[in-house]
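S.K.: Handing you a structure now.
The values are calculated or read from the model by the stated rules, or taken from the named source; none is laboratory data. On a predicted model such as this, the values are computed, not experimentally measured, just so you know. Because the Cβ atoms are built from the backbone with ideal geometry, glycine has one as well, and the counts that use them run over all protein chains shown.
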């Protein structure tokens, strides 16, 4: 335990050396990046933002339908929760390292968030409408209010932000007379069909200006439909901060009993609410457009719970040398998560949009899954090569340089 505490107290404002990094966090970040990639591929390749609002959800047949259902069950809400959890962990690591060096962590973190906000805006407006960086930056400013909170306070807020919205949406679905307002409704079916046609014209055959105009429409739709996800995202920030404050990452490496207990409870809770999510999604009558928010009630609990289940599963696997070797390639990719997140958008818009290969609407769910695997494998190779010569990924280097106000040394000697 003394060795664990010694390791836990090693904090710096200088870049973390490879031997000092907790490779489990980098592997988790690489794993989360792949899951987000799988969840987003259909948004890049088709107007699934709108087809999902129609009756039947725009489901395809055969193997494509199987892939769609598996992604819905195993990926949607789970990996964005995992990524948000890691954002909260990174928040605590950053502040602790800066404090140990005697610098003002709040000022530096505000600059860090401001740079991320600008990157998110550029990504959102000029590359792809589904950016998450801007939302993370905005919520990150509120996270600063909890920088000195006790672990118990972090946990209470996290649980409250998960449970209360889920109960509210469930009541809105089953007892609308009790609540006075509910989640934003989907547009009428005729308007949805028009939005689908506009998407095909803009991204499939239009010029960049047409895409920019459509992207602004899509952004407003994403922001409106994602309101219910904001409490969940912030709750996972707080839960990540809680786990780091409790020193659980290091305890999970040494306390197998605690790890298995968290693994069992998270898997049980996640499975129960995932079943409820599926039932609500398939059984509750939808609005006239065929779209409903009923399954959110289950998703807002199953997503975070299953993300913790995934985290603890990886920790259990990493206790075995054979799995540690198999999962090690994710480490370098996780260290370059920002670069690869943005690179995925650049590659996908080139593949699917008219200014590139123009495959918009031509790639089914199964082909999209295979494409995601191939591109992610290439990203793993790129990461390994890049980090042999550089300390940071290119976007991470720029982010860090702008945060500290001076260009950071990047090339390795």
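S.K.: Might you check whether a residue that is more than 30 Å from residue 106 (Cα to Cα) and surrounded by 19 or more Cβ atoms within 10 Å (Cβ to Cβ) occurs anywhere in region 381-404? Before you say what the answer is, go through the steps one by one.
M.R.: Quick first cut of region 381-404, residues more than 30 Å from residue 106 (Cα to Cα) only: 381-386, 388-389.
If we keep only those that are surrounded by 19 or more Cβ atoms within 10 Å (Cβ to Cβ) too, we end up with 383.
Among the residues of region 381-404, at least one is more than 30 Å from residue 106 (Cα to Cα) and surrounded by 19 or more Cβ atoms within 10 Å (Cβ to Cβ), which makes the answer yes.
S.K.: Let me ask you something else. Condition first: surrounded by 19 or more Cβ atoms within 10 Å (Cβ to Cβ) and either within 15 Å of residue 358 (Cα to Cα) or out of contact with any helix residue (DSSP H, G or I) (no Cβ under 6 Å at 6 or more places or on another chain) (or both). Now tell me which residues in region 191-203 satisfy that.
M.R.: 199, 202, 203 - these are the residues of region 191-203 that are surrounded by 19 or more Cβ atoms within 10 Å (Cβ to Cβ) and either within 15 Å of residue 358 (Cα to Cα) or out of contact with any helix residue (DSSP H, G or I) (no Cβ under 6 Å at 6 or more places or on another chain) (or both).
S.K.: Here is a follow-up. Consider residue 330 carefully, then state whether it is within 30 Å of residue 192 (Cα to Cα), in contact with a helix residue (DSSP H, G or I) (Cβ under 7 Å, 6 or more places away or on another chain) and at pLDDT 95 or above.
M.R.: On the way: within 30 Å of residue 192 (Cα to Cα): no; in contact with a helix residue (DSSP H, G or I) (Cβ under 7 Å, 6 or more places away or on another chain): yes; at pLDDT 95 or above: yes.
When the stated conditions are applied, residue 330 does not pass them.
S.K.: Given the residues 338, 343, 318, which is the only one that is at pLDDT below 95 and surrounded by 16 or more Cβ atoms within 10 Å (Cβ to Cβ)? Talk me through it step by step, then tell me what you get.
M.R.: Details: 338 fails: at pLDDT below 95; 343 fails: at pLDDT below 95.
The unique qualifying residue is 318.
S.K.: Let me ask something else about it. Quick check on region 220-258: of everything there that is in contact with a helix residue (DSSP H, G or I) (Cβ under 6 Å, 6 or more places away or on another chain) and under 30 Å from residue 352 (Cα atoms), which residue is surrounded by the most Cβ atoms within 10 Å (Cβ to Cβ)?
M.R.: In this case the residue turns out to be 233.
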